[in-house]
Amino acid sequence: MAASAAASAARADDLLVGPLSKTFTLKTGSVQALSDIRLDVPGGRFISIVGSSGCGKSTLLRIIAGLETSDGGAVTLGGRPVAGPGLDRGVIFQEHRLLPWLTVEQNIAFALKNLPKAEIARRVREHLELVGLDGFANAHPHQLSGGMAQRVAIARALVNRPRVLLLDEPFGALDALTRIQMQQEILRIWQAQRTTMVLVTHDIDEAIFLGDEVVVMSSRPGTIKTVLPVRLPRPRDRSSPDFITLRKDIHREFFTAAELPFAYEI
Amino acid sequence: MTGGLAAEAPSARRAGQQTGSGAAVAALRSPLAGLGRLALYLALPAALVAAWQTAYELGYIRPILLPPPTKVAGAFVELAVSGDLFRHLGVSLLRVLEGFAIAVLIGLPLGIGIGLSRLLDRLTDLIIQLTKPIPPIAWIPLAILWFGIGEAGKVYIIFLGAIFPILVNTIDGIRQTDHRHVELARVLEVTRGRFIRQVVLPGALPNIMTGLRVGLMVAWICVVAAELIAASSGLGYLITDARQMSQTDQVLVGMITIGAMGKLLDVVLRAAERRLVTWKSTFSGR
Ligand SMILES: Nc1ncnc2c1ncn2[C@@H]1O[C@H](COP(=O)(O)OP(=O)(O)OP(=O)(O)O)[C@@H](O)[C@H]1O
Ligand SMILES: [Mg+2]
């Protein structure tokens, strides 16, 4: 990590995770989902997390979001420990989670509170434009495609101007072309707003295309295996030699880390 | 995902037209087919009535046990012309609507409260579970003791019939709130009031509407029982009175009128449901 940049950057937005562990207690026994996780994300960074299914990526994100508590070990944002969910951390789930009975506009406004009507309308409009859905303010979620619905979810997550955006496989349910489009969209938004991004993904290309660094996790229990910096200029070319080399490196991490390497064949 | 499903639906429908039954179903959806749809809707009942009349003409049915449709129609006209039918209908309708309205006014808020509060649920569950299976008819002796033989006792019986479907479905609807939406509300720090208004209640609305429809139906079922209490008017009274006079045709007129009124009010509630719940695309058969 660029030590000087991190030191000079506004510390107020730094996200410090752990060291923390997480054990789920079930009737049948207990599952250690995370072990000794440490992650420092300087404000404004884009971090990708990849790892095999069940390695605890969602759990980690949910702990950062405050939806789940760790066994001990804190998450701090700007020096303040995280206790429960908060508007400083936006979440985008794998499914859009739009409320089907509200229009697109109302779904975005659902995230806003204690604001005058005019201000709510202004912010909603601004964020609809941001995700390129100006014409769909009055549509209902069932009238949208999967990609459009996920854009609305992005707008809803951003409308409160969170300091960190947590994305849990946000494009996993989309087709390959839409996914690439959405990746470019997220990149554009990040470059415009410089919100800290923590992206969990199954897609190694997506992780490299977007992240300043790629965190590789291994499973049972979930630990951070390596953190690979991505020192490529944006927008990144998926077919450039450096990109391909990096993809190979991450692949190699997988083949030695994951119990199910065949899950990551490309 | 919703969008994906929505996108697939039309093509699935087109594919359906290829097959034989698919074509028939598709024909039902074309705008020209309104008349055909009505015909299909009435075909079976009409056939039943025709078979019933034929069976009578052929001497298979003794009219004292089951008078033919023509005789029932005659009794209907007679009761309609004399105005008796509408008087009875009006009285029963008022009782049903009163009992149902009270059931809604109590059942809906109570159901919402119980659905939202574990404490209230714990406090009331046993009472509700024990009272629910008691048929409203069994309440008649107490209803007479408490309310006398006037209107109040009859409305009480109808109220008892209507409240449980409303209560139970409302509680169910609220309990079925999608946990993913609950999580979303937590992440967005949505206030409890807004959470209830914008997440819980809209999500429970389909169930609540089902509860209202079933409640109204049970209210009609209970009107005959309610009118066993010293009534001198009402469709239930009409039926009981005609039975004592062995006028089976009038019994049938009373029965059919209750059925028709129940259907009519259900149509109203279903129309309301369709207007309120536009976002839900459900399976409508194929
Ligand atoms: N609420 C829970 N109760 C019990 N166990 C849980 C719970 N949530 C997660 N786990 C367990 O913790 C482990 C990590 O789950 P998690 O959902 O974080 O994995 P993941 O990396 O997000 O997987 P995927 O890529 O498939 O989404 C799994 O073994 C899972 O069974
Ligand atoms: Mg997950």
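Of everything in the range A:118-144 that is under 24 Å from A:ASP88 (Cβ atoms) and exposed (fewer than 12 other Cβ atoms within 10 Å of the Cβ), the residue that is nearest to the other protein chains (Cβ to nearest Cβ) is A:GLU119. Can you tell me which residue in the range A:166-197 is nearest to ligand 1 (Cβ to nearest atom), limited to those that are of a type outside the set (D, E, K, R), within 21 Å of A:VAL215 (Cβ to Cβ) and within 14 Å of chain B (Cβ to nearest Cβ)? Selected residue: A:GLY172.
Mind checking which residues of the range B:209-238 are among the β-branched types (Val, Ile, Thr) and within 30 Å of B:THR278 (Cβ to Cβ)? Scanning the range B:209-238 gives B:THR210, B:VAL214, B:VAL218.
How many residues are more than 14 Å from every other protein chain (Cβ to nearest Cβ), touching a residue at least 40 places away in the same chain (Cβ under 8 Å) and not aliphatic (A, V, I, L, M) if we restrict to the range B:192-234? Walk me through how you get there before you give the answer.
From the range B:192-234, those more than 14 Å from every other protein chain (Cβ to nearest Cβ) are B:210-234; that's our starting set.
With the extra rule that they be touching a residue at least 40 places away in the same chain (Cβ under 8 Å), the set shrinks to B:210-223, B:225-231, B:233-234.
Filter once more, so that each one left must be not aliphatic (A, V, I, L, M): B:210-211, B:213, B:215, B:220, B:222, B:227, B:233-234.
So the answer is 9.
The single condition from (1) surrounded by 13 or more Cβ atoms within 10 Å (Cβ to Cβ); (2) more than 12 Å from chain A (Cβ to nearest Cβ) that B:ARG122 fails is (1).
Do any helices (runs of 4 or more DSSP H) entirely within the range B:177-249 hold 1 or more residues that are under 21 Å from B:LEU108 (Cα atoms), and if so, which?
B:192-195, B:201-226
Counting only helices (runs of 4 or more DSSP H) that sit completely within the range A:1-116, those holding 1 or more residues that are more than 14 Å from chain B (Cβ to nearest Cβ), within 14 Å of ligand 2 (Cβ to nearest atom) and surrounded by 18 or more Cβ atoms within 10 Å (Cβ to Cβ) correspond to A:57-65. Taking into account only those residues within the range A:145-165 that are more than 9 Å from chain B (Cβ to nearest Cβ) and not in a helix (DSSP H, G or I), which is nearest to A:PHE110 (Cα to Cα)? Among those that are more than 9 Å from chain B (Cβ to nearest Cβ) and not in a helix (DSSP H, G or I), it is A:VAL159. From the list B:LEU93, B:LEU89, the lone residue that is touching a Leu at 6+ places or on another chain (Cβ under 7 Å), in contact (Cβ under 8 Å) with a residue 60 or more places away in the chain and assigned to a helix (DSSP H, G or I) is B:LEU89.
Bear in mind that the values in this text are calculations on the coordinates, not laboratory data. Values in this document were obtained by computation on a predicted structure and should not be read as measured data. Please note: Cβ atoms are built from the backbone with ideal geometry, for glycine as well, and neighbour counts cover all protein chains shown.
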